[in-house]
Amino acid sequence: MEEKPQNGGSFCLGGLVAGVREVHESGRTKEMEWRQAQIRGLIRMLTEEEDAVFDALHEDLGKHRVESFRDEVGNLVKSFRNTLQNLKKWVAPEKASCY
């Protein structure tokens with residue numbers, strides 16, 4: 001049996017927003033390890049659920065699997081890997097220039 005949203009068919013984002021806000025305010029999102037883990041999780045989700053993503057893109061947009069990989073999934077995974085590779089440099093503190 002499929003569970004249905006309790007508020008008339010729309011999803012309540014209040015709880016989700018509160019949870020995300022709580023994590024952000026805890027300072028956990030500033031930690032490099034946490035950021036890297038989140039990005040690795042996105043890569044894992046895209047690769048593990050690749051077939052479901054391809055099916056959805058085909059159903060919604062009529063995209064062929066090759067086109068979906070080239071334009072969507074492959075592009076995102078490549079971007080996430082680039083982010084992992086450069087994250088340490090991007091989050092490093094910068095000295096402010098004095099004029």
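Coordinate-derived values only; no laboratory data. These numbers come from a predicted model, not from an experiment. Here the Cβ positions follow ideal geometry from the backbone for every residue, glycine too, while neighbour counts run over all protein chains shown.
Mind sorting E94, E67 by how few other Cβ atoms lie within 10 Å of their own Cβ, fewest first?
Numbers: E94 5, E67 14.
Ordered by Cβ neighbours within 10 Å, fewest first: E94, E67.
Each principal axis of the Cα cloud of segment 29-87 was evaluated for its coordinate range; sorted largest first, these ranges are 40, 17, 15 Å.
If you sort the three axes of the alpha carbon gyration tensor as a ≥ b ≥ c, you get a/c of 1.5 or more for the chain and a/b no higher than b/c, which makes it oblate. Paramagnetic label reach from E48 (point 7 Å along Cα→Cβ; backbone nitrogen cut-off under 20 Å): within segment 64-99, residues 73-81, 84.
Given Cβ point charges of +1 (Lys, Arg) and -1 (Asp, Glu) and nothing else, what value in debye, to the nearest 20, does the dipole of segment 19-99 about its Cα centre take? Let's see the in-between values first.
Numbers: 14 positive and 15 negative charges, 144 e Å.
Its charge dipole is roughly 680 debye.
Among residues other than G62 with Cβ under 14 Å from its Cβ, the summed charge is -4 (Lys and Arg +1, Asp and Glu -1).
Full-extension gain between I39 and K78, please, as 0.36 nm times their residue separation minus the C-alpha to C-alpha distance.
The I39-K78 span can extend by a further 12.9 nm.
Multiply the residue separation of L61 and W90 by 0.36 nm, subtract the distance between their alpha-carbon atoms, and state the gained length in nm to one decimal.
Numbers: separation 29, 0.36 × 29 = 10.44 nm, distance 3.50 nm.
Separation in residues times 0.36 nm, less the Cα-Cα distance, equals 6.9 nm.
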